Amino acid sequence: MAASTEWDLLIKNGTVVDGTGLPGFQADIAVRDGRIERIGRVEGTAARTIDAEGKVVTPGFIDVHTHYDVQLDWDPVASPSMQHGVTTVLTGNCGFTLYPAKPEDVDWLAGMLTRVEGMSREAMAEGFKWAGGNFAEYWARLEGKLGLNVGGYVGHCAIRRMVMGDDASEREATAEEIDDMKQLLRESMEQGAVGFSTSQLDLHVGEDGRGVPSNHATPEEIIALCSVLSEFAHGVIEIIPRSHSEGHDESDRAMLMEMARVSGKAIELGPLSPAADHPMGWQNTIDFVREAREQGVRLHPQFSTQKLSLHLRLDDTFVFDEMPAWRNALVMSTADACEKLRDPAYRDLMRHEMATISRTAPVGLETLEVEYVKDEANRPLIGKSVEELMAEGHKGDALDVFLDVSLREDLNVGWGTRMAEEARVFIDHVVTNSIKEPLVMSGSSDGGAHLASFVGADYTTKLITDHVPGILSLEEAIWRLTGMPAAVHGLVDRGTLRVGAKADVTIFDPERLEAGQHFVAADFPGSTERWYVDATGYDAVIVNGVTVMEQGKHTGALPGEVLRGA
């Protein structure tokens, strides 16, 4: 009888690394009706058979920190994440969602995302269709239109704006307003939100120049909202506290521990990386995570394995937003911003802030180099740093040269960082030690966000190619990409290859696996641009038993699901 069995999909002869951390093994995998039915030596015919001899067969990768909420309206595969083996993304991180929302607040929330997450207003105007409503209504629009699985947080900023209106960006909430926010969060969790997200970084400033709504919340408000999650079997909390870069001060540590106590849930923190003013903040966070673990509290920061380069254009960047003069100019219209940045007196104010507010200068201006231009006349500038341009005789100091070159194309000149060798060695040290810490998750792609500044979707590929077997075994790396995020976030049908689980599968050739070079693609609505990175070596990416990607190309299939709760 087995010989005549008709499977929907049969994957033969592969090395199965099942996402549990256990050693890989040779096996076939049979799939029917979107689920794995057999693992082992499988006989019979199939509608589709994939010969995976010499290939590694793993669970589909899970990207826990993305902002694809908007991009999915026109890009059902959340590129380039699926090109790097991802089958499930979690969206709505950092407290930034467009739901729940009153119709009259949608544009305001979209403007907030434009500023803090670098999403193009032009692309959103042409490709994003959302008129307001609750969590369930937002995601119902995308049912049957997704190439991969998507789980959504409910964001603090949207909840606050829904309850408090414009005051959400001005003041603390009253007890009654906090109760109303708790009810909105409760309703969103009932409708399937994977959890609650928030952040309190001073760097996060809306399109209107004010701190985002969650930045005005007291610890008591955040703790009260987290308590709602205790009412549910599912749910996780995602937060980047105000003092994250320094390793969390006493106040934030107390808040995090209380959030964990009242919710009973795991807490996901932001990525570990050195800040200019707190180079060892990442180590402080690891020490804190270890202390919390001894008290039974689950804190999970993320490590970064991708190329930590920064791209920026002054017409679309937030990296200088903690400096008021810079921020005030860059939130203006392009014409007004250009006029302001030409003013010598205003430049003196900006120069003063650069010298006195060091944490807001993520890179030295001298190290920035021109990466791309649109005007052919400016093409000779490509590859030259501010320091080199100064040496060639461009007038003024580093700030003057940086601004003058940017103004040549109405702030559209693209710049990139040139990291010194000693900085690269230190970053490698941070990454190595972060990966070794068992409670630190792989992540920080920020997929769908910071499109003009960064692309981090290659973190999955880079973990395997750059850190296996040096730091992790292949089995350990796959566990960090699959089983661990599934366990932390309660995704019961994802993250491991086992009989009965949803058939989310990634197949790659370990000999050919490689992340490509970062480049600018003008492939978003309105021909707007974004940074992109592709990959080679992924033979197939399978979602719910259906092949969605083959050799990095979308097959056209849309079997993805909106994950509600788990």
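Taking the listed residues Ala125, Ala175, Ala131, Ala136, the one that is without any contact (Cβ under 8 Å) to a residue 12 or more places away in the chain and open to solvent by 10 Å² or more (accessible area, probe 1.4 Å) is Ala175, with no other qualifying. Quick check, is Gly85 at pLDDT 95 or above and within 16 Å of Leu72 (Cα to Cα)? When the stated conditions are applied, Gly85 does not pass them.
One line per residue, one yes/no per condition, for (1) at pLDDT 95 or above; (2) closer than 17 Å to Glu170 by Cα; (3) crowded, with 21+ Cβ neighbours inside 10 Å:
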{"residue": "Val212", "(1), (2), (3)": "yes, yes, yes"}
{"residue": "Asn215", "(1), (2), (3)": "yes, yes, yes"}
{"residue": "Cys226", "(1), (2), (3)": "yes, no, yes"}
{"residue": "Asp249", "(1), (2), (3)": "yes, no, no"}
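If you check Ser245, Ser230 for being within 22 Å of Pro100 (Cβ to Cβ) and open to solvent by 10 Å² or more (accessible area, probe 1.4 Å), only one passes: Ser230. If you check Thr49, Thr88 for being of a type in the set (Ser, Thr, Tyr) and surrounded by fewer than 18 Cβ atoms within 10 Å (Cβ to Cβ), only one passes: Thr49. Looking only at region 484-493, decide whether some residue is within 18 Å of Gly552 (Cβ to Cβ) and not aliphatic (A, V, I, L, M). Taking every residue of region 484-493 in turn, none turns out to be within 18 Å of Gly552 (Cβ to Cβ) and not aliphatic (A, V, I, L, M).
Every listed requirement among (1) under 30 Å from Thr317 (Cα atoms); (2) open to solvent by 20 Å² or more (accessible area, probe 1.4 Å) is met by Cys157 save one, (2). Return the residues of region 364-409 that are open to solvent by 60 Å² or more (accessible area, probe 1.4 Å) and either in a helix (DSSP H, G or I) or among the polar types (S, T, N, Q) (or both); say none if nothing qualifies. Matches in region 364-409: Glu366, Glu376, Ala377, Arg379, Pro380, Glu387, Glu388, Met390, Ala391, Asp404.
Listed here are the residues, each with its yes/no results for (1) in a loop (DSSP other than H, G, I, E, B); (2) closer than 19 Å to Ile222 by Cα; (3) open to solvent by less than 30 Å² (accessible area, probe 1.4 Å); (4) modelled with pLDDT of 95 or more.
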residue	(1), (2), (3), (4)
Asp252	no, yes, yes, yes
Leu269	no, yes, yes, yes
His278	yes, no, no, no
Glu291	no, no, no, yes
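Cβ-Cβ contacts under 8 Å between residues 6 or more apart (or on different chains), taken from a first residue in region 407-430 that is polar (S, T, N, Q) to a second residue that is open to solvent by 80 Å² or more (accessible area, probe 1.4 Å), are listed as Asn412/Lys374.
Only one entry in Ser188, Ser197 is crowded, with 24+ Cβ neighbours inside 10 Å, small (Gly, Ala, Ser) and closer than 27 Å to Asp321 by Cα, namely Ser197.
Conditions tested, residue by residue: (1) in contact (Cβ under 8 Å) with a residue 24 or more places away in the chain; (2) of a type in the set (A, V, I, L, M, F, W, C); (3) part of a helix (DSSP H, G or I).
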site	(1), (2), (3)
His450	yes, no, no
Ser453	yes, no, no
Ile464	yes, yes, yes
Ile471	yes, yes, no
Met484	yes, yes, yes
Glu529	yes, no, no
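Please enumerate the residues belonging to region 52-70 that are over 30 Å from Ala136 (Cβ atoms) and either open to solvent by less than 30 Å² (accessible area, probe 1.4 Å) or touching a strand residue (DSSP E or B) at 6+ places or on another chain (Cβ under 6 Å) (or both). Residues satisfying the conditions are Ala52, Glu53, Lys55, Val56, Val57, Thr58. Among the residues of region 459-483, which ones are hydrophobic (A, V, I, L, M, F, W, C) and under 18 Å from Asn433 (Cβ atoms)? Listed by number, the residues that qualify are Leu463, Val468, Ile471, Leu472, Ala477. Scanning region 511-546 for residues that are among the β-branched types (Val, Ile, Thr), open to solvent by 20 Å² or more (accessible area, probe 1.4 Å) and more than 21 Å from the chain's Cα centre (by Cα) turns up Thr536, Val546.
Checked against the criterion of being open to solvent by 40 Å² or more (accessible area, probe 1.4 Å) and within 23 Å of Glu371 (Cα to Cα), the candidates Asp315, Asp348 yield just one match: Asp315.
Restricting attention to region 135-148 and to residues that are small (Gly, Ala, Ser) and part of a loop (DSSP other than H, G, I, E, B), the residue that is nearest to Asp493 (Cα to Cα) turns out to be Gly147. With respect to the stated conditions, Leu98 is crowded, with 22+ Cβ neighbours inside 10 Å and either on the phi < 0 side of the Ramachandran plot or acidic (Asp, Glu) (or both).
Quick check, is Gly152 out of contact with any Asp or Glu (no Cβ under 8 Å at 6 or more places or on another chain), modelled with pLDDT of 95 or more and either open to solvent by less than 50 Å² (accessible area, probe 1.4 Å) or under 30 Å from Leu558 (Cα atoms) (or both)? No: the conditions fail for Gly152.
The values are calculated or read from the model by the stated rules, or taken from the named source; none is laboratory data. Because the structure is predicted, anything quoted here is derived from the model rather than measured. Neighbour counts run over all protein chains shown; Cβ positions are idealised from the backbone, glycine included. These accessible areas exclude ligands, DNA and RNA; they are computed on the full protein's heavy atoms, side chains included. Shrake-Rupley method; radii C 1.70, N 1.55, O 1.52, S 1.80 Å.
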